[in-house]
Amino acid sequence: MSKGGRMARANTRERRGLLYTRAVLLLVALLLTGCARASEGYPAPPIRLTNQFGEEIRLEDLRGRTIILTFLYTSCPDTCPLYLSKIALGLRAYENVAPDRPAVVVVTVDPDRDTVARLRMFAGQWPPGWLFLTGSYPRVSPVWNAYGIDVSKRPPAGSDDVAHGYSVIHTAKVVTIDREGLVRSTLTGDWSPSDLTASLQASSISRRPALVSVPAVDLGWVLRRCGDFAAAHPGIFLGLILLIASPVLLLTAFFVRMVFGSVRHQV
């Protein structure tokens, strides 16, 4: 082969290598962008349960209002009332703006004991307008699953039978949903009322289409967001991984072939 032909082939390989590299970088950017927005922008799973007045409530009926969603049971001695207290404190900034006041939706994790009557009594301890929801186990459990709430019963000390009383172990979480019905933030652990207020303010900002961009984040932040994204959109996440892996494998094969081709040519 002439020198010009070899140069042309080398240039072609180089262009292909650059093309594969750009494809990989683009897919990585898409993945990181998806991870960054995973917990802030996906549609809130539907809820259709009964409130403390025996009325059927659908989450979509609250569209147009920012929503604070949490999960608890009325017999809870510690974390549940603490979460509600912090929600009340976080809402103080909205005391004089009734039309924009977020809706508070509380879903029970103990539907067997949290009847409509019991929820009505419990709701009397909290601000008017808060919605406490219950239903049969087959209706409530899909809601837990959709929002990543793990629920299990624990028998009293010294017993292995929940028939004589039990406590409920469940994921403690507060979710904010914007006026468009999109999940915008999730609070877990030892969050503060000011954290909730900040989340509500962010949720009230209108979402506008934007060009894909990769935020400057640390590795831990990326991993947490990717975990949220994978849990919320497993199919999309797997598809992105496969798309990213394919060009990487092709790029690797291309360079290996180029190296061995060069060695054979020299020999």
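A short reminder: the numbers here are calculations on the coordinates, not readings from a lab. Being a predicted model, the structure only gives us computed values, none of them experimental. Every residue, glycine among them, receives a Cβ derived from its backbone with ideal geometry; neighbour counts consider all protein chains shown.
Paramagnetic label reach from residue 150 (point 7 Å along Cα→Cβ; backbone nitrogen cut-off under 18 Å): within the stretch 103-139, residues 109-110.
Most tightly packed first, judged by the mean number of other beta-carbon atoms within 10 Å of their residues, the peptides 53-66, 121-134, 171-184 read 171-184, 121-134, 53-66.
Expressed to the nearest 5 percent, the antiparallel share of DSSP beta bridges inside the stretch 42-203 is 70 percent. Note on residue 241 and residue 157: the model spin-label points, each 7 Å out from Cα along the C-beta direction, lie 4.3 nm apart. Remark: the residue 194-residue 136 segment gains 17.4 nm on full extension, using 0.36 nm per residue and subtracting the alpha carbon distance. Just check the stretch 42-203 against the gyration tensor rule for me: Cα atoms, a ≥ b ≥ c as the square roots of the eigenvalues, rounded for a/c under 1.5, and otherwise prolate or oblate depending on whether a/b exceeds b/c. The shape class here is prolate.
The amide H of residue 185, built 1.01 Å from its N in the peptide plane, has 176 as neighbours under 5 Å, considering only residues 5 or more places off or on other chains. Taking amide H as placed 1.01 Å from N in the peptide plane, the amide H of residue 49 sits under 5 Å from that of 57, each at least 5 places away or on another chain.
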